Ligand SMILES: [Zn+2]
């Protein structure tokens, strides 16, 4: 590992101290690797309608426009965040460099019939229809294996994320706020395809102590069967930009999920979205 890699790693590790889910996901923009990030093809086929795109060996040549017309004509010098072209895609990549449009709101949000650790019926329970149906099956499958799960937090609107972020900016200033809270548009919870889950006792909800529990182990082994992935796996912090979050699962469809798990790929690697430093 050269000095630049070490520096990059140190920065990323420092930036990922705060857990993403509890505070809206960390979204720093100063990573030295960010400037080299190429535009990502987000037009991948949906898993249900076509065979696997196998982008690992044959990256798709099509390149989406780097930004929507609403973004600045002059891109920021470093840590550029580009707006994704197909926010409604089930396999959309949303991370620190790829943001949902500020106007995006999923049109098919529903309330999955699963227990949550809180009683209120609010937006945090919502998921997009396909993900909601899949999470119901996942919870039922877990229960058959004697594993009782609860939802912690699913959908979060752009407006909610914005309010959250602005509150932190007022408190700590923008630069500091970015270290522990996501810039609006860059939280995966805004897709309606991600959910944080925990054991039914509600302990360790979106906390490090969830790692190693029987619930976490069950998720690790079985999520792909239901079309989900552990989005921020162990040992991939320099690639995803997030520390290990065994509780944060993301729906991508069964076919893509299984391929990613079989090949031990994060979404970033699957799309070759960031230079992978090994
Ligand atoms: Zn999360």
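Annotations
- Looking across segment 204-249, the residues that are part of a loop (DSSP other than H, G, I, E, B) and either without any contact (Cβ under 8 Å) to a residue 60 or more places away in the chain or away from the ligand (no atom under 16 Å from the Cβ) (or both) come down to 204, 211, 212, 213, 227, 231, 233, 234, 235, 236, 244, 246.
- Tally of residues being away from the ligand (no atom under 16 Å from the Cβ) and assigned to a loop (DSSP other than H, G, I, E, B) across segment 134-182: 5
- When the test is whether a residue is in contact with a strand residue (DSSP E or B) (Cβ under 7 Å, 6 or more places away or on another chain), closer than 30 Å to residue 85 by Cβ and part of a loop (DSSP other than H, G, I, E, B), residue 185 passes it.
- Among residues of segment 243-260, those that are in contact with a strand residue (DSSP E or B) (Cβ under 8 Å, 6 or more places away or on another chain) and at pLDDT below 95, counted: 1
- Inclusion of residue 258 among residues that are more than 27 Å from residue 123 (Cβ to Cβ) and out of contact with any helix residue (DSSP H, G or I) (no Cβ under 7 Å at 6 or more places or on another chain) is not warranted.
Each row is one residue, and each column tells you yes or no for (1) closer than 12 Å to residue 245 by Cα; (2) out of contact with any helix residue (DSSP H, G or I) (no Cβ under 9 Å at 6 or more places or on another chain).
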site	(1), (2)
173	no, yes
177	no, no
184	no, no
190	no, no
201	no, yes
211	yes, yes
218	no, no
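- Residue match in segment 120-131 (condition: more than 16 Å from the ligand (Cβ to nearest atom), surrounded by 14 or more Cβ atoms within 10 Å (Cβ to Cβ) and either in contact (Cβ under 8 Å) with a residue 12 or more places away in the chain or not in a loop (DSSP other than H, G, I, E, B) (or both)): yes
The values are calculated or read from the model by the stated rules, or taken from the named source; none is laboratory data. Keep in mind that this is a model prediction, so the values were computed, not measured. Because the Cβ atoms are built from the backbone with ideal geometry, glycine has one as well, and the counts that use them run over all protein chains shown.
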